[in-house]
Amino acid sequence: MKAIQNYINGELVAASSGGTIDNYDPSRGVVYSTIPDSAHEDIAKAVEAAEAAFEGWSNTPKEARGAIMIKIADIIESRLDAFALAESTDNGKPVKLAAEVDIPRAVSNLKFFATAIQHFAAESHYMEGIGFNYTLRKPIGVVGCISPWNLPLYLFTWKIAPALAAGNCVVAKPSEITPMTAYLLSEVCKEAGLPKGVLNIVHGLGPKVGDAITRHPKIKAISFTGGTATGQTIASIAAPMFKKLSLELGGKNPNIIFADCDFDKALSTTMRSSFANQGQICLCGSRIFIERPIYEKFKEAFVAKTAASKVSFPQDPEAKLGAVVSKSHMEKILSYIELAKEEGGTVLTGGERVMMDGEYKDGYYIRPTIIEGLTFDCRTNQEEIFGPVVTITPFDSEEEVLMMANSTQYGLAATVWTENLNKAHRMADKLDSGIVWINSWLVRDLRTPFGGMKNSGVGREGGFEALRFFTEPKNVFVKSN
Ligand code: TXE
């Protein structure tokens, strides 16, 4: 059984306590590796190493920093199959998805920020007849990155890449539920010659290791992606310490389908936006609003396609859905399906656990589920389920659908399907959402601001937004007269 280790000061080490936590393969429901059960003393060592590395790393020319990051990306790319298999085993997602989306995107994140920093410039402000200001944007120092289990290496690198490119040293914690690819990354960092202490990866539980990162006085900025409740806890500790915070939290995204849409494109993309990664993407459109004239037609086609979607073990090339991430998460999703029934919903397809055979018999599989007949303001339609469960609701006017779409505490992403240009822009303007996709879903340009409004988060990631987050601006005024 593989014993994952922490990566501190350039070395692979066990937790100071020597303790370990079991790591499950959700497709089989069995323990297949262990991770260090780290605590605040491990974070203290990581921060010490990061602090010691900071002067060297922040003074390394950005071209050289970028070159090491690209080397790391190239090594990951050369091992794409091994990384994809590891991601899939840890998370339960189809290997095909990990090979086509997760790992290539992790490579892109590293390459994107390795080069973005070469183009990053600070502002200057001229004052006529008086002088001018120039703004220095310098790295912050030691920063913390905490990431979730749904897109493990993809979201881990989305944070550490801009932090490192900007010249910071990082103490990072992947989710304890999906630690494997972060561990493989630490091996790659050693191989690529990343100087010791520049990146430190400490494994363990959120309330222990994540909490220690949040509380450490020398960690001056924290970038977090995860549940809204965890984000609240982190903010309550970090804000009074005046730490810089970037919080990418939950979503309950509307997918709005007008009668004048391109029906086939709307249908096939809705299959993905509903059930990709078993519905465990914060950008999934879990509330589907369909304009009444096409409601029955869309419903029939969507239910038929969903019922035919193959749920299978991750290595099955035909699998459209693999396992959900853990037993407790499976139970949470199933409990929401029961809640939907209590709230008066009708399950049109799915609604149950899938029991597999042989070595996968104890895996955590759920049939993709469509529910109708719920009010827009019931709990099922307001709370984040984060699984392969969507609701469908008819609507009659733009005003009505906007009211329902904007009714949740969240405001992360929205999708609009219409061939009417004016309507598309009008909807985009009025949706309370950090991201709007028109006639598409999950098309990402890494330069664009990424993040949510309302309780979906604080701040934006992506492009120069991320580089601004990971730098401290200092304005200098020079009198010229
Ligand atoms: O996330 P957590 P969980 C949502 C989704 C899911 C729910 C809970 O609805 O069902 O959140 O998932 C670390 N201090 N999303 O419990 O706990 C934790 O170790 C510091 C949405 O897995 O938020 C992990 O590394 N850190 C989402 C990270 O926070 C703490 C993705 C995220 O875990 C901590 C995942 C603490 N006190 C879940 N407690 C998205 N928006 O993408 C935990 N952590």
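The values are calculated or read from the model by the stated rules, or taken from the named source; none is laboratory data. Just so it is clear, the model here is predicted, and its values are computed rather than measured. In this analysis, Cβ positions are derived from the backbone assuming ideal geometry, glycine residues included, and neighbour counts consider all displayed protein chains. These accessible areas exclude ligands, DNA and RNA; they are computed on the full protein's heavy atoms, side chains included. Shrake-Rupley method; radii C 1.70, N 1.55, O 1.52, S 1.80 Å.
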Just the residues that are more than 13 Å from the chain's Cα centre (by Cα) and within 10 Å of the ligand (Cβ to nearest atom), please, taken from the range 237-253. Ile237, Ala238, Lys252
Quick one: in the range 363-417, of everything that is of a type in the set (A, V, I, L, M) and touching a Gly at 6+ places or on another chain (Cβ under 7 Å), which residue is nearest to Leu249 (Cα to Cα)? Leu412
Can you tell me which of (1) under 28 Å from Phe54 (Cβ atoms); (2) buried (at least 22 other Cβ atoms within 10 Å of the Cβ); (3) more than 16 Å from the ligand (Cβ to nearest atom) is the one Ala121 doesn't meet? (2)
Enumerate the strands (runs of 3 or more DSSP E) found wholly within the range 1-43, keeping only those where 1 or more residues are under 20 Å from Val142 (Cβ atoms) and of a type in the set (A, V, I, L, M). 6-8, 11-13
The lone condition Asn439 fails out of (1) in contact with an Asp or Glu (Cβ under 8 Å, 6 or more places away or on another chain); (2) under 29 Å from Phe132 (Cα atoms) is (2)
Failed item, numbered, when Ile160 is tested on (1) among the hydrophobic types (A, V, I, L, M, F, W, C); (2) touching a residue at least 60 places away in the same chain (Cβ under 8 Å); (3) within 14 Å of the ligand (Cβ to nearest atom): (2)
Scan the range 127-154 and report the pairs whose first residue is more than 17 Å from His203 (Cβ to Cβ) and polar (S, T, N, Q) and whose second residue is open to solvent by less than 50 Å² (accessible area, probe 1.4 Å) and within 16 Å of the ligand (Cβ to nearest atom), with Cβ atoms within less than 8 Å and a gap of 6+ or a chain change. Asn150/Asn91; Asn150/Asn277; Asn150/Gln280; Asn150/Ile281; Asn150/Cys282; Asn150/Val325; Asn150/Phe386
In this structure, is Lys208 within 9 Å of the ligand (Cβ to nearest atom) and either open to solvent by 10 Å² or more (accessible area, probe 1.4 Å) or assigned by TED's automatic domain parsing to the domain that holds Leu80 (or both)? yes
Is it true that Thr375 is more than 16 Å from the ligand (Cβ to nearest atom), assigned to a strand (DSSP E or B) and under 24 Å from Ala307 (Cα atoms)? no
Per the filter on the range 258-290, residues touching a strand residue (DSSP E or B) at 6+ places or on another chain (Cβ under 6 Å) and either open to solvent by 30 Å² or more (accessible area, probe 1.4 Å) or among the charged types (D, E, K, R) (or both) are Ala259, Arg287
List the pairs whose first member sits in the range 204-223 and is within 15 Å of Val142 (Cβ to Cβ), whose second member is crowded, with 24+ Cβ neighbours inside 10 Å and aromatic (Phe, Trp, Tyr), and whose Cβ atoms are under 7 Å apart, counting only residues at least 6 apart or on separate chains? Ala221/Phe470
For the range 319-362, give me each residue that is surrounded by fewer than 19 Cβ atoms within 10 Å (Cβ to Cβ), over 17 Å from Pro26 (Cβ atoms) and small (Gly, Ala, Ser). Ser335, Gly344
Return yes when Ile237 is buried (at least 23 other Cβ atoms within 10 Å of the Cβ), touching a Ser or Thr at 6+ places or on another chain (Cβ under 9 Å) and more than 18 Å from Gly451 (Cβ to Cβ) and no when it is not. no
Checked Glu419, Glu383 against criteria (surrounded by fewer than 21 Cβ atoms within 10 Å (Cβ to Cβ), in contact (Cβ under 8 Å) with a residue 40 or more places away in the chain and closer than 21 Å to Ala301 by Cβ); the one match is Glu419
Can you tell me which residues in the range 159-176 are over 14 Å from Glu461 (Cα atoms) and of a type outside the set (Gly, Ala, Ser)? Leu164, Asn168, Cys169, Val170, Val171, Lys173, Pro174, Glu176
Evaluation of His203 against (1) buried (at least 24 other Cβ atoms within 10 Å of the Cβ); (2) part of a loop (DSSP other than H, G, I, E, B); (3) away from the ligand (no atom under 12 Å from the Cβ) (one fails), failing number: (3)
Kindly indicate whether any position in the range 257-279 is within 13 Å of the ligand (Cβ to nearest atom), assigned to a loop (DSSP other than H, G, I, E, B), of a type outside the set (A, V, I, L, M, F, W, C) and under 30 Å from Gly459 (Cβ atoms). no
Filtered residue count, the range 386-399, keeping only those that are crowded, with 16+ Cβ neighbours inside 10 Å and either part of a loop (DSSP other than H, G, I, E, B) or without any contact (Cβ under 8 Å) to a residue 60 or more places away in the chain (or both): 4
Determine whether Glu176 is within 14 Å of the ligand (Cβ to nearest atom), open to solvent by 10 Å² or more (accessible area, probe 1.4 Å) and not assigned by TED's automatic domain parsing to the domain that holds His329. yes
Take the residues in the range 211-234 that are aliphatic (A, V, I, L, M) and in a helix (DSSP H, G or I), then tell me which one is most open to solvent (accessible area, probe 1.4 Å). Ala229
